[in-house]
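Encoded as structure tokens, the structure appears first; notes follow it.
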Amino acid sequence: ERMSDPTVVQTLHLMNSEQLYAKVKSDAGRAAELAKSEQPPAELVEELYLSIYSRRPTEAELQIGVGLYENEQGSRRELTEDLMWALLNTPEFVFKD
């Protein structure tokens with residue numbers, strides 16, 4: 001019988017998955033594609049939220065996301081990959097119905 005609710009083991013696997021992390025970091029991945037675009041940070045953050053959560057970010061989430069890019073604590077690609085990885089490892093994504 002297939003369980004519809006994620007288990008702790010599944011959640012930990014997702015958080016520590018080298019395969020998923022490799023996809024996030026891939027040159028052919030969505031993060032790399034978005035980072036290469038000319039989109040302003042606000043649009044980039046919105047794209048990530050739409051593709052991962054199927055919703056737009058709240059105003060607070062948008063401000064936090066844009067703040068990552070404004071602080072420039074890494075390359076645009078690194079910041080995009082980090083944000084994507086963080087969103088993929090939230091309860092909202094893991095427990096999405």
_Residue under question is Tyr21, and the condition is that it be among the aromatic types (Phe, Trp, Tyr), assigned to a helix (DSSP H, G or I) and modelled with pLDDT of 90 or more; does it hold?_
no
*Check off (1) modelled with pLDDT of 95 or more; (2) under 15 Å from the mean Cα position of the chain (by Cα); (3) in a helix (DSSP H, G or I) for Pro57 and give me the number that stays unchecked.*
(3)
*Per-region count, segment 65-79, residues surrounded by 13 or more Cβ atoms within 10 Å (Cβ to Cβ) and over 18 Å from Val24 (Cβ atoms)*: 1
_Residues (within 13 Å of the chain's Cα centre (by Cα), free of Cβ contacts under 8 Å to residues at least 40 places away in the same chain and not in a helix (DSSP H, G or I)) located in segment 60-91_ = Thr90
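The values are calculated or read from the model by the stated rules, or taken from the named source; none is laboratory data. All of these numbers come straight from a predicted model, not from anything done at the bench. Cβ coordinates were reconstructed from backbone atoms using ideal geometry, including for glycine residues, and neighbour counts include every protein chain displayed.
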